[in-house]
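The values are calculated or read from the model by the stated rules, or taken from the named source; none is laboratory data. Because the structure is a prediction, the values reported are computed rather than measured. When we count neighbours, we look across all protein chains shown, and the Cβ atoms used for this are built from the backbone with ideal geometry, even at glycine. Surface accessibility is based on the protein's heavy atoms, side chains included, excluding ligands, DNA and RNA. Shrake-Rupley method; radii C 1.70, N 1.55, O 1.52, S 1.80 Å.
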Amino acid sequence: RRRKERAVRRHAPPRVRAAPGSTWKPPHRLTMASATPSWLRTLSRTSGTVARRGAATTGATLQRRISAAAHWSLPASSPGGTAPPGRVRFSTTVTSEKRVTAESPASAESTGDACLAAARNSTANASPLEDIRARECAMLMLREAETRTFRLNDSFVDGYDPVLSGRAPPFGFNGLGELVYLRTYARVIPGEDGQPRREMWHETVRRVVEGCFSMQWRHSEGVAGLGFDHERAGEEAEQMFDDIFHMRFLPPGRGLWAMGTALTEERGLFAALNNCAFVSTAELGANPRGLADPFCFLMDASMLGVGVGFDCRGAGSARVVVPRPAESGGEGERVFVIEDSREGWVQSMRVLLEAYLHPLNARTHDEQGLALAVEPVFDYSLVRPAGAPIRGFGGKSQGPEPLQELHMALREALQHAAVSSSTAVSEVKQEGALLQPRTIVDIMNMIGRCVVAGNVRRTAEIAFGHLASSKEGAEDETPEFLQLKDYERFPDRAPYGWASNNSVYASVGHADYAQPSLAENIALNGEPGFAWPDNMVRYGRLRMAGQHDAPEATLVAADGFCNGSVAGETAAADEVGGNPCLEQTLESYELCCLVECFPNQHLLAAGEDETEARAAFMRTLRSALLYAKSVSLGPLHWAPSNRVLLKNRRIGVSMSGIQQFVANAGGDGNGLGLEVLRQWCEEGYAELRATDNELAERFTVRPSIKLTSVKPSGTVSLVSGATPGLHWPEAAHYMRRVRMASDDELLPPLVEAGYHCEPAVGDEKRTTVVTVPVTVLSEQEEAAVAAGA
């Protein structure tokens, strides 16, 4: 593939600049037909012939592979031959027998039919088999031929190369931003000398932009059969490149890390481009996808770097039963060989949980009182050792130890839940114990502790519980959920309880926030947080009461959110949740992409000309929305997620550095900066709605039900030097601590330079904490803050 790409670049037409006074347009984007030598086109035709032979294979072979992958009941071949009797090898890898290339006349039609059929058949009741079909849909979207792999011109990108052009990326916070970028988002690539090296910023931006427009191309031609406007795409791609390079907006950290890599370009795992997700445990015992599915979804998404929220609505809808131990070498023993993949890890947990969790009406014991389910036995021999590279997602493996610890912790927690929730041993033996909220949270938190995404990002979770107070203020016994982070009461939760933010669903007027169970716990550790589902589904943007044309003492939607053209939330209040920071509402199995804009960057670049800065900000918003909308075009490998994605197309265009903007726009002491911010937001939202309608028509998808959000941000704002979201800076100067893998190549230079480095408490062997001095505000910004105060 790289040889083909180099051949295309060698035959590319030279970059042409516009003469003074003329309008320049970028040259036509290269296709295999227009720019590839004859020997390469011959090679492509030969590959297409091989692919068409594969497509002629009957569907029986494919169906057998799908069945084996979906139900984990058929022995699969291992690299050394057939798996031993009694052993099941976990693998969700399905090699499609219908390999489609652009050389096949029917390829576009077959791809579109397959994707549309998968979308129509994706329902909330889809089984894991539909997940395999959804994955096949994603794989069919990926085209073999370079005609659907978008490429920026080398001459354009060279203009941003700091070695060739002298342009330095505007990393923020006097070096902290560059350190965070190198640690978190710069992928390892081969250097010119053949030795591995980290990406440079302009190389990361190129990979991200090319991956984004490749998704548009594949959707427009391969899925929807719409055609693709190369001239327009070229102009938009170069504008997006310039915006990201100068950090006017940035994709989510997942996009900086995964977009345009083998994870999306070869494996079709577009879920890795999203920030967040939510999954409900409601009616767990009646879930047609299996009782373990919400837990497996969280683990799968977390291993792709997606933060996941979950609720405890499934409490009482399933039973916890202790399986009978497997007899070593006996007839009932089944040894499960765990494949060295994300899918293998997830499916091992599915098997373990389904041995303990059962529907309420299921028969779990025989006539002698012995449990029908057998404790699974796992073989970890195929899992790569610690320190080995993870070639798909990137980063380094932690070895099998975290998975072994997860299996052991789950067994202990479930056995404890089966006994402690019942009143008699006989009940445990015959009936099992009802699943409790704490057990749901324990399982999810233990998964969070296990998941270290390639030693690049730890998982993020939020757990939603319920209050036990009535409207009159009558107080019930303090719910156990509210005390899960009281480690004096639950010391056994300390090793994993940190993995989630814990919040409660509240109803307007139904919560006495002064009751001791709430106030004491909030004073102890800042939790629980509060979420009002009724307001979450009723309102999008709001106008304050009595201000900006809003009635007195009334909150109103600021934009006619339910005006018919955009339906707004369609789920009921008791069916929604949110992401780990709760800036975005989500339905069960829904994912969302949040992009981040930096209005203060536009003020600093424009100087005193606020009108010019505002116009530039509108252009940036269009680029940011185009990126997020492009991510929503990628099919996911979970069937229920595809269903809600097609329905909602939810997006979150966010802003960071808001306090910096307010200070530079006139200060907040007299309200001038806030008023400028409000004007930018109003005009910006109108621009986003108009752009979204245009993109919905271009890609033949529905408009997004939500477009904006203000996320608290994390490392992305550090890269650009912006204060996160709405947050005030801690101080003008402070010490920032950064966690790094202890074997990271960046660590020795930091130690040599004199930065304070120490082992991380609780993970001393694998993680080191580096202390970095930070200057938050420039001299101009410090003067503006002083004047505003």
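Here the condition is being at pLDDT 95 or above, out of contact with any His (no Cβ under 6 Å at 6 or more places or on another chain) and outside any helix (DSSP H, G or I); of Val308, Val322, it holds for Val308 alone. For the stretch 390-403, the set of residues classified as surrounded by 15 or more Cβ atoms within 10 Å (Cβ to Cβ) and part of a helix (DSSP H, G or I) consists of Pro402, Leu403, listed by residue number.
Here are some residues: Val428, Val441. Which one is modelled with pLDDT under 80, among the hydrophobic types (A, V, I, L, M, F, W, C), outside any loop (DSSP other than H, G, I, E, B) and open to solvent by less than 80 Å² (accessible area, probe 1.4 Å)? Checking each option against the conditions leaves just Val428. Among the acidic types (Asp, Glu) and within 15 Å of the chain's Cα centre (by Cα): which single residue out of Glu590, Glu610, Glu569, Glu575 fits that description? So the residue among Glu590, Glu610, Glu569, Glu575 that is among the acidic types (Asp, Glu) and within 15 Å of the chain's Cα centre (by Cα) is Glu590.
Annotation: Ala413 fulfils all but one of (1) over 29 Å from the mean Cα position of the chain (by Cα); (2) crowded, with 18+ Cβ neighbours inside 10 Å; the unmet one is (1). In this structure, Ala318 does satisfy being open to solvent by less than 10 Å² (accessible area, probe 1.4 Å) and over 30 Å from Gly211 (Cα atoms). If you go through the stretch 687-708 and keep only what is in contact with an Asp or Glu (Cβ under 8 Å, 6 or more places away or on another chain) and surrounded by 23 or more Cβ atoms within 10 Å (Cβ to Cβ), you end up with Ser704, Leu707. State whether one or more residues within the stretch 539-559 are open to solvent by 40 Å² or more (accessible area, probe 1.4 Å), among the charged types (D, E, K, R), at pLDDT 70 or above and in a helix (DSSP H, G or I). Taking every residue of the stretch 539-559 in turn, none turns out to be open to solvent by 40 Å² or more (accessible area, probe 1.4 Å), among the charged types (D, E, K, R), at pLDDT 70 or above and in a helix (DSSP H, G or I). None of Leu604, Leu633, Leu621, Leu625 is modelled with pLDDT under 90 and either surrounded by 21 or more Cβ atoms within 10 Å (Cβ to Cβ) or out of contact with any Lys or Arg (no Cβ under 8 Å at 6 or more places or on another chain) (or both) except Leu604.
Restricting attention to the stretch 449-462, does a residue exist that is over 30 Å from Gln404 (Cβ atoms) and modelled with pLDDT under 90? No, because not a single residue in the stretch 449-462 is over 30 Å from Gln404 (Cβ atoms) and modelled with pLDDT under 90. The condition of being among the small types (Gly, Ala, Ser), in contact (Cβ under 8 Å) with a residue 12 or more places away in the chain and either farther than 26 Å from Glu587 by Cα or assigned to a helix (DSSP H, G or I) (or both) does not hold for Ala615.
Conditions tested, residue by residue: (1) among the hydrophobic types (A, V, I, L, M, F, W, C); (2) over 15 Å from Val710 (Cβ atoms); (3) touching a residue at least 24 places away in the same chain (Cβ under 8 Å); (4) in a helix (DSSP H, G or I).
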position	(1), (2), (3), (4)
Ser654	no, no, yes, no
Gly666	no, yes, yes, no
Glu675	no, yes, no, yes
Gly684	no, no, yes, yes
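In the stretch 132-154, how many are touching a Lys or Arg at 6+ places or on another chain (Cβ under 9 Å), open to solvent by 50 Å² or more (accessible area, probe 1.4 Å) and modelled with pLDDT under 90? Result for the stretch 132-154: 2.
Looking at the stretch 155-170, can you tell me whether even one residue there is over 22 Å from His246 (Cβ atoms), modelled with pLDDT of 90 or more and of a type in the set (A, V, I, L, M, F, W, C)? Among the residues of the stretch 155-170, not one is over 22 Å from His246 (Cβ atoms), modelled with pLDDT of 90 or more and of a type in the set (A, V, I, L, M, F, W, C), which makes the answer no.
If you go through the stretch 217-265 and keep only what is out of contact with any helix residue (DSSP H, G or I) (no Cβ under 6 Å at 6 or more places or on another chain), more than 21 Å from Val653 (Cα to Cα), touching a residue at least 12 places away in the same chain (Cβ under 8 Å) and outside any helix (DSSP H, G or I), you end up with Ala224, Thr261. Just give me the residues in the stretch 354-389 being touching a residue at least 60 places away in the same chain (Cβ under 8 Å), crowded, with 19+ Cβ neighbours inside 10 Å and either charged (D, E, K, R) or under 26 Å from Arg267 (Cβ atoms) (or both), in sequence order. Once the filter is applied, which keeps residues that are touching a residue at least 60 places away in the same chain (Cβ under 8 Å), crowded, with 19+ Cβ neighbours inside 10 Å and either charged (D, E, K, R) or under 26 Å from Arg267 (Cβ atoms) (or both), the stretch 354-389 yields nothing.
With the requirement that a residue be touching a strand residue (DSSP E or B) at 6+ places or on another chain (Cβ under 8 Å), loosely packed, with under 12 Cβ neighbours inside 10 Å and not charged (D, E, K, R), what does the stretch 735-770 give you? The answer is Met735, and nothing else.
Residue check: Gly194 meets all listed conditions (1) open to solvent by 40 Å² or more (accessible area, probe 1.4 Å); (2) on the phi < 0 side of the Ramachandran plot; (3) modelled with pLDDT under 95 but one, namely (2).
Applying the condition of being assigned to a helix (DSSP H, G or I) and within 17 Å of Gln436 (Cβ to Cβ) to the stretch 481-525 and asking which residue is nearest to the chain's Cα centre (by Cα) yields Gly497.
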